[in-house]
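Each reported figure results from applying straightforward, stated rules to the coordinates on display, with no laboratory input. As the structure is a prediction and not an experimental result, all values here were calculated from the model. Cβ sites come from the backbone with ideal geometry, for glycine too, and all protein chains shown count toward neighbours.
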Amino acid sequence: MRKCNNCLLPETYETIEIDSNDNSCNMCKTSKFKEENVDWGKRKNMLDKVIEKYRGKYDYDCIVPFSGGKDSTFTLLYLIEEYNIKPLVVRFNHGFMRSNHERNVEKVLELEGAGEIYINNISNDGLMRGYNLGLTKYVLDHSKLPIISCGGAGNFKHVSDAFIKTEI
Ligand SMILES: [Zn+2]
């Protein structure tokens, strides 16, 4: 099995491509490119200006798309801890989220003092066949935060089921 001669990731690692010319992977090449070609001090100044321009103007200072993966987790934590701003955290559940991402999301949102968790199961949204009660119950059991659940209610029984079966 081929491995990157720099980071040692194997060719079977997801999304990796190893260049046969120098046996380095695409992630190492991207990292090297960024180190050599991006003026990070200048980028930081640009970010500072954008944040100060919008800080406190609206209910939220920015929107952070958040999957629970390492990149969006870093972005969210960096913005909160470095800038002390109030982001609106938005997640789109496409139905293929990894279980470790779900746990990571709950931990990060609790740690950083999120106001609530908004659940919208897109598989049920608009179909009026009821909420995804299993998902709602799972989040309730694993989080201390208030939950807003939507997506799928078609009648009052769906609403009462949400309260009774998940013990909200
Ligand atoms: Zn590599």
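With a Förster radius of 25 Å applied to the C-beta separation of residue 3 and residue 74, the computed FRET efficiency comes to 0.45. DSSP beta bridges fully contained in the chain are about 20 percent antiparallel.
For the chain, find the longest principal axis of its Cα atoms and tell me its angle to the long axis of helix 99-111, 0 to 90°, nearest 10. Approximately 80 degrees, to the nearest ten.
For residue 3, give me every one of the aspartates and glutamates with a C-alpha distance below 12 angstrom, ignoring sequence neighbours fewer than eight places off in its own chain. Within reach: 11, 17, 19, 22. Start at zero, step by 10 Å, and the Cα-Cα distances of segment 32-80 spread as 21, 41, 34, 4 percent across the bins.
Shown for segment 40-166: lysine pairs separated by 8 or more places, or found on different chains, whose C-alpha atoms are under 19 Å apart, numbering 15.
If one takes the longest principal axis of the Cα atoms in the chain, at what angle in degrees, from 0 to 90 and to the nearest 10, does the Cα axis of helix 70-83 lie? It works out to around 90 degrees.
Residue separation of residue 164 and residue 54 scaled by 0.36 nm, minus their Cα-Cα distance, works out to 35.4 nm of gained length. Contact order for the chain, expressed relative to its length and based on alpha carbon pairs under 8 Å spaced 6+ residues apart, stands at 13 percent. When the Cα atoms of segment 1-56 are aligned to their principal axes, the ranges along those axes come out at 52, 22, 12 Å in descending order. Could you tell me how many degrees, from 0 to 90 and to the nearest 10, lie between the Cα long axis of helix 26-37 and the main elongation axis, the longest principal axis, of the Cα atoms of the chain? Orientation of helix 26-37: about 70 degrees from the principal axis.
Quick one: pull the percentage of alpha-carbon pairs in the chain with a separation above 23 Å. Looking at the chain, the distances longer than 23 Å represent 57 percent of pairs.
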